[in-house]
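J.: Okay, handing you the structure first.
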Amino acid sequence: LYSSAASDVYKRQLLDISRISRNRISLTVEPLNVFNAIEMALESLSNSIKLKRHTVNFDATPSTVFINGDLTRIVQCFSNVIGNAVKYTPPGGEIDIKLATEQDSAVITVSDNGCGISQDMLNNVFELFVQAKQTLDRSQGGLGIGLNIVQRLVKMHGGSISVASEGTGLGSRFTICLPQT
(Lines give C-alpha, C1' and ligand atoms only; values in the text may rest on other atoms or scores of the structure.)
Protein backbone atom coordinates (compact mmCIF):
# COMPACT_ATOMS: atom_id res chain seq x y z
CA LEU A 1 0.00 0.00 0.00
CA TYR A 2 1.10 3.53 -0.77
CA SER A 3 1.04 6.22 1.89
CA SER A 4 -1.39 9.07 1.52
CA ALA A 5 1.45 11.48 0.70
CA ALA A 6 2.78 9.14 -2.00
CA SER A 7 -0.73 8.74 -3.38
CA ASP A 8 -1.08 12.54 -3.62
CA VAL A 9 2.23 12.78 -5.47
CA TYR A 10 1.13 10.10 -7.94
CA LYS A 11 -2.19 11.87 -8.52
CA ARG A 12 -0.38 15.17 -9.22
CA GLN A 13 2.01 13.40 -11.58
CA LEU A 14 -0.85 11.78 -13.50
CA LEU A 15 -2.61 15.15 -13.78
CA ASP A 16 0.62 16.82 -14.92
CA ILE A 17 1.34 14.22 -17.60
CA SER A 18 -2.24 14.49 -18.82
CA ARG A 19 -2.05 18.30 -19.03
CA ILE A 20 1.36 18.26 -20.70
CA SER A 21 0.29 15.60 -23.24
CA ARG A 22 -2.75 17.67 -24.21
CA ASN A 23 -0.77 20.96 -24.32
CA ARG A 24 -2.89 22.27 -21.47
CA ILE A 25 -0.07 23.44 -19.29
CA SER A 26 1.14 26.99 -19.45
CA LEU A 27 4.34 28.33 -18.03
CA THR A 28 4.60 31.59 -16.12
CA VAL A 29 8.03 32.55 -17.39
CA GLU A 30 10.15 35.11 -15.59
CA PRO A 31 13.84 35.58 -14.87
CA LEU A 32 14.87 33.28 -12.03
CA ASN A 33 18.10 32.43 -10.27
CA VAL A 34 18.79 28.70 -10.71
CA PHE A 35 20.67 28.60 -7.40
CA ASN A 36 17.49 29.67 -5.55
CA ALA A 37 15.41 27.04 -7.38
CA ILE A 38 17.85 24.28 -6.39
CA GLU A 39 17.80 25.54 -2.79
CA MET A 40 13.99 25.36 -2.82
CA ALA A 41 14.10 21.81 -4.14
CA LEU A 42 16.60 20.80 -1.46
CA GLU A 43 14.44 22.37 1.22
CA SER A 44 11.41 20.38 0.04
CA LEU A 45 13.47 17.19 0.33
CA SER A 46 15.27 18.01 3.59
CA ASN A 47 13.31 15.51 5.71
CA SER A 48 13.96 12.64 3.29
CA ILE A 49 17.64 13.57 3.09
CA LYS A 50 17.91 13.61 6.90
CA LEU A 51 16.05 10.31 7.29
CA LYS A 52 18.42 8.61 4.84
CA ARG A 53 21.46 10.34 6.43
CA HIS A 54 22.75 11.42 3.02
CA THR A 55 25.57 13.86 2.52
CA VAL A 56 24.57 16.46 -0.05
CA ASN A 57 27.31 18.53 -1.65
CA PHE A 58 26.06 21.58 -3.54
CA ASP A 59 28.71 23.31 -5.65
CA ALA A 60 27.40 26.48 -7.26
CA THR A 61 30.08 28.40 -9.08
CA PRO A 62 28.81 30.96 -9.97
CA SER A 63 25.83 31.16 -7.61
CA THR A 64 23.96 33.64 -9.78
CA VAL A 65 22.88 31.97 -12.99
CA PHE A 66 19.64 33.26 -14.45
CA ILE A 67 17.22 31.57 -16.81
CA ASN A 68 13.76 32.50 -18.03
CA GLY A 69 11.51 29.93 -16.46
CA ASP A 70 8.48 29.01 -14.46
CA LEU A 71 9.80 28.79 -10.90
CA THR A 72 7.23 26.22 -9.78
CA ARG A 73 7.96 23.90 -12.70
CA ILE A 74 11.74 24.31 -12.51
CA VAL A 75 11.68 23.49 -8.79
CA GLN A 76 9.47 20.50 -9.64
CA CYS A 77 12.12 19.27 -12.10
CA PHE A 78 14.98 19.67 -9.63
CA SER A 79 12.93 18.11 -6.81
CA ASN A 80 12.16 15.09 -8.94
CA VAL A 81 15.73 14.45 -10.05
CA ILE A 82 17.24 15.10 -6.60
CA GLY A 83 14.40 13.13 -5.01
CA ASN A 84 15.24 10.13 -7.17
CA ALA A 85 18.87 10.39 -6.05
CA VAL A 86 17.68 10.42 -2.43
CA LYS A 87 15.32 7.51 -3.01
CA TYR A 88 17.74 5.25 -4.86
CA THR A 89 20.88 5.92 -2.82
CA PRO A 90 21.39 3.67 0.22
CA PRO A 91 21.35 5.29 3.68
CA GLY A 92 24.48 7.32 4.35
CA GLY A 93 25.11 7.81 0.64
CA GLU A 94 26.40 10.87 -1.16
CA ILE A 95 24.63 13.18 -3.59
CA ASP A 96 26.53 15.84 -5.51
CA ILE A 97 24.74 18.77 -7.12
CA LYS A 98 26.68 21.10 -9.35
CA LEU A 99 25.50 24.32 -10.94
CA ALA A 100 27.76 25.63 -13.68
CA THR A 101 27.60 27.47 -16.96
CA GLU A 102 28.66 26.27 -20.39
CA GLN A 103 28.42 28.63 -23.33
CA ASP A 104 24.92 30.12 -22.97
CA SER A 105 23.47 27.40 -20.74
CA ALA A 106 22.94 26.79 -17.06
CA VAL A 107 24.11 23.23 -16.42
CA ILE A 108 22.78 21.40 -13.38
CA THR A 109 24.28 18.00 -12.61
CA VAL A 110 22.91 15.65 -9.95
CA SER A 111 25.17 12.67 -9.23
CA ASP A 112 24.83 9.96 -6.61
CA ASN A 113 26.56 6.81 -5.46
CA GLY A 114 23.31 4.86 -5.39
CA CYS A 115 22.00 1.79 -7.15
CA GLY A 116 22.76 3.10 -10.65
CA ILE A 117 21.00 2.26 -13.89
CA SER A 118 21.70 -0.77 -16.04
CA GLN A 119 23.03 -0.06 -19.52
CA ASP A 120 19.92 -1.51 -21.17
CA MET A 121 17.71 0.93 -19.22
CA LEU A 122 19.68 4.13 -19.91
CA ASN A 123 17.94 4.83 -23.21
CA ASN A 124 14.49 4.29 -21.68
CA VAL A 125 14.48 6.12 -18.32
CA PHE A 126 12.59 9.11 -19.72
CA GLU A 127 9.83 7.05 -21.34
CA LEU A 128 6.41 7.11 -19.73
CA PHE A 129 5.71 4.28 -17.24
CA VAL A 130 9.18 2.76 -17.70
CA GLN A 131 10.92 1.54 -14.57
CA ALA A 132 13.95 -0.55 -13.93
CA LYS A 133 13.31 -4.02 -12.55
CA GLN A 134 12.17 -3.60 -8.96
CA THR A 135 14.46 -5.15 -6.38
CA LEU A 136 14.33 -4.90 -2.60
CA ASP A 137 16.55 -1.82 -2.60
CA ARG A 138 14.36 -0.20 -5.29
CA SER A 139 11.05 -1.02 -3.62
CA GLN A 140 10.34 2.70 -3.23
CA GLY A 141 9.85 3.04 -6.98
CA GLY A 142 7.08 5.23 -8.30
CA LEU A 143 4.87 4.94 -11.34
CA GLY A 144 7.53 5.69 -13.95
CA ILE A 145 6.11 9.15 -14.67
CA GLY A 146 8.40 11.64 -12.92
CA LEU A 147 11.37 11.62 -15.29
CA ASN A 148 9.06 11.85 -18.30
CA ILE A 149 7.46 14.94 -16.76
CA VAL A 150 10.90 16.41 -16.05
CA GLN A 151 12.02 15.80 -19.64
CA ARG A 152 8.90 17.43 -21.04
CA LEU A 153 9.07 20.45 -18.72
CA VAL A 154 12.76 20.96 -19.43
CA LYS A 155 12.03 20.86 -23.18
CA MET A 156 9.21 23.39 -22.67
CA HIS A 157 11.91 25.66 -21.19
CA GLY A 158 14.13 25.17 -24.26
CA GLY A 159 16.50 22.83 -22.45
CA SER A 160 17.55 19.20 -22.35
CA ILE A 161 18.16 16.45 -19.82
CA SER A 162 20.46 13.46 -20.08
CA VAL A 163 21.44 10.53 -17.89
CA ALA A 164 24.63 8.54 -17.43
CA SER A 165 25.51 5.56 -15.28
CA GLU A 166 28.34 3.05 -15.33
CA GLY A 167 25.78 0.37 -14.45
CA THR A 168 23.93 -1.27 -11.61
CA GLY A 169 25.39 -0.39 -8.22
CA LEU A 170 27.57 2.40 -9.64
CA GLY A 171 25.41 5.48 -9.16
CA SER A 172 23.91 7.77 -11.74
CA ARG A 173 24.30 11.29 -13.09
CA PHE A 174 21.51 13.45 -14.49
CA THR A 175 22.40 16.62 -16.34
CA ILE A 176 19.88 19.37 -17.05
CA CYS A 177 20.84 22.17 -19.46
CA LEU A 178 18.69 25.31 -19.62
CA PRO A 179 19.32 28.45 -21.70
CA GLN A 180 20.58 31.40 -19.68
CA THR A 181 18.96 34.80 -19.94
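J.: Taking K and R as +1 and D and E as -1, what net charge do the other residues with C-beta under 10 Å from the C-beta of T109 add up to? Intermediate values should be presented prior to the final figure.
T.: Details: positive: K98, R173; negative: D59, D96.
Neighbourhood net charge equals 0.
J.: Also, I was wondering about something else. With both partners inside the chain, how many of the DSSP beta bridges are antiparallel, as a percent to the nearest 5?
T.: Values: 26 of 32 bridges.
Counting DSSP beta bridges with both partners in the chain, the antiparallel share is about 80 percent.
J.: About the Cα centre of the chain, what is the dipole size in debye to 20, counting +1 per Lys and Arg Cβ and -1 per Asp and Glu Cβ, all else neutral? Write down the numbers at each step before the final one.
T.: Details: 16 positive and 16 negative charges, 131 e Å.
In debye, rounded to 20, the chain gives about 620.
J.: A further question follows. Not counting ligands, DNA or RNA, and with a 1.4 Å probe, what is R19's accessible surface area in Å² rounded to the nearest 10?
T.: Counting only protein heavy atoms, the figure is 90 Å².
J.: Need the C-alpha centroid separation for the stretch 43-69 versus the stretch 109-130, integer Å.
T.: So the two Cα centres are separated by 20 Å.
J.: What is the sum of charges around Q76, taking Lys and Arg as +1, Asp and Glu as -1, for the other residues whose C-beta is under 15 Å from the C-beta of Q76? Mind showing how you got there, number by number?
T.: Details: positive: K11, R12, R19, R73, R152, K155; negative: D8, D16, E39, E43, D70.
Residues near Q76 contribute +1 overall.
J.: Still on this model: So if each residue of separation counts as 0.36 nm, and I subtract the Cα-Cα distance between L27 and T101, what length gain in nm does that give? Walk me through the intermediate numbers first.
T.: Details: separation 74, 0.36 × 74 = 26.64 nm, distance 2.33 nm.
Difference between extended and current length: 24.3 nm.
J.: Further question: Filter the DSSP H helices in the chain by two things, a Kyte-Doolittle mean of at least -1.0 and an axial alpha-carbon span of 20 angstrom or more, and list the hits by number.
T.: Numbers: long enough: 4-21 (25 Å, -0.19); 71-87 (23 Å, 0.69).
Helices meeting the span and hydropathy rule in the chain are 4-21, 71-87.
J.: Which of I20, N36, G158 sits closest to the plus end of the dipole of the chain, meaning its Cα is farthest towards the positive end, when Lys and Arg get +1 and Asp and Glu get -1 on the C-beta?
T.: I20
The values are calculated or read from the model by the stated rules, or taken from the named source; none is laboratory data. A quick note: this is a predicted structure, and the numbers were derived from the prediction, not measured. Note that we place each Cβ from the backbone using ideal geometry, even for glycine, and neighbour counts take in every protein chain shown. Heads up: the accessible areas ignore ligands, DNA and RNA and are worked out on the full protein's heavy atoms, side chains in. Shrake-Rupley method; radii C 1.70, N 1.55, O 1.52, S 1.80 Å.
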